[in-house]
Amino acid sequence: MTSSDLAEVSTRHSTGRVLLTVVGISVALSALGGMLWGFLAPAQQLLVVAQDRGAALTGESLHRFDALALFSFVALVLGLVLPIGWWQWRSERGPRLFGAVFLGALAGSIVAILVGNGIAALRFPKATDPTVGSIVTVAPSIETPLVLIVQALTASLVILLLAAMNPNDDLQHTDPAPEDFEVDSPPPPSFDSRTAY
């Protein structure tokens, strides 16, 4: 190992710092994804049939699925992009980084749901005392906790694939370029039978 190799090896950070950095940035970006969902998710229109009871208009009940599908897509994209970005932090590759990415994805999904539901509630405020026979707009919301696994599962699979495709046992960067090695080139071939090797 030469002095230039020692200069290239970066020091590893403490586990707490890695966890805080990865989870914090993942949660912040997931909150932005939740805001995006809150602005894109369609509202559902209901016909008021009784006090605090409504019936979905034809085709409007599909918006519940639309909201869930949009959130799942945002979580899938975040689950793909964030681990690839964190994989570039070469000195921290390994189980610590995986754990931090996984926790960041879970926490990020929770924050995205909270932020997205909040934005959607601000976009479509709840109607107070609607009259029977009127049509009201209901804010979209994520009603199932199953979407929490989309981002975390995708992030786990991406880290698994990146680790499996890495040719090095220590998950560090790829092998150096061949010109970095000092190898004597063999002599050119000779067709002279008097030359002994």
Which residue, of THR154, THR137, is of a type in the set (Ser, Thr, Tyr), in contact with a Leu (Cβ under 9 Å, 6 or more places away or on another chain) and outside any strand (DSSP E or B)?
THR154
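Please verify whether ALA127 is open to solvent by less than 60 Å² (accessible area, probe 1.4 Å) and assigned to a loop (DSSP other than H, G, I, E, B), treating the condition exactly as stated.
Taking the combined requirement at face value, the residue satisfies it.
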Go through (1) within 21 Å of ILE142 (Cβ to Cβ); (2) at pLDDT below 95; (3) open to solvent by 60 Å² or more (accessible area, probe 1.4 Å) for LEU29 and report which single condition fails.
(2)
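So that you can scan it fast, the table gives a plain yes or no per residue for (1) open to solvent by 80 Å² or more (accessible area, probe 1.4 Å); (2) under 30 Å from LEU171 (Cα atoms):
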residue	(1), (2)
PRO42	no, no
VAL48	no, no
ARG53	yes, no
LEU68	no, no
GLY85	no, yes
PRO95	yes, yes
ALA100	no, yes
GLY104	no, yes
Restricting to the range 111-124, name every residue that is hydrophobic (A, V, I, L, M, F, W, C) and surrounded by 16 or more Cβ atoms within 10 Å (Cβ to Cβ).
VAL111, ALA112, ILE113, VAL115, ILE119, ALA120, PHE124
The lone exception for PRO42 - which of (1) in a strand (DSSP E or B); (2) in contact with an Asp or Glu (Cβ under 7 Å, 6 or more places away or on another chain) it fails:
(1)
The lone exception for ALA155 - which of (1) of a type in the set (A, V, I, L, M); (2) open to solvent by less than 90 Å² (accessible area, probe 1.4 Å); (3) modelled with pLDDT under 95; (4) over 21 Å from PHE39 (Cβ atoms) it fails:
(3)
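Considering each of GLY116, GLY108, GLY54 in turn, give the residue that is in contact (Cβ under 8 Å) with a residue 60 or more places away in the chain and outside any helix (DSSP H, G or I). Break it down into steps so the answer makes sense when it comes.
Working: GLY116 fails: outside any helix (DSSP H, G or I); GLY108 fails: outside any helix (DSSP H, G or I).
From the options GLY116, GLY108, GLY54, the qualifying one is GLY54.
Do you know which of the residues in the range 35-46 that are in contact with a Phe, Trp or Tyr (Cβ under 8 Å, 6 or more places away or on another chain) and not aromatic (Phe, Trp, Tyr) is farthest from LEU62 (Cα to Cα)?
First, pick out the residues of the range 35-46 that are in contact with a Phe, Trp or Tyr (Cβ under 8 Å, 6 or more places away or on another chain): 37, 41, 43.
Cutting the leftovers down to not aromatic (Phe, Trp, Tyr) gives us 41, 43.
Working: ALA41: 12, ALA43: 10 Å.
Per the stated criteria, the residue is ALA41.
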Given the conditions (1) open to solvent by 60 Å² or more (accessible area, probe 1.4 Å); (2) in a loop (DSSP other than H, G, I, E, B); (3) at pLDDT below 80, report the number of the one that SER190 does not fulfil.
(1)
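The values are calculated or read from the model by the stated rules, or taken from the named source; none is laboratory data. Quick caveat: nothing in here was measured; it's all calculated off a predicted structure. Ideal geometry is used to build each Cβ from the backbone, glycine not excepted, and the neighbour counts take in all protein chains shown. The accessibility values were calculated without ligands, DNA or RNA, using every heavy atom of the protein model including side chains. Shrake-Rupley method; radii C 1.70, N 1.55, O 1.52, S 1.80 Å.
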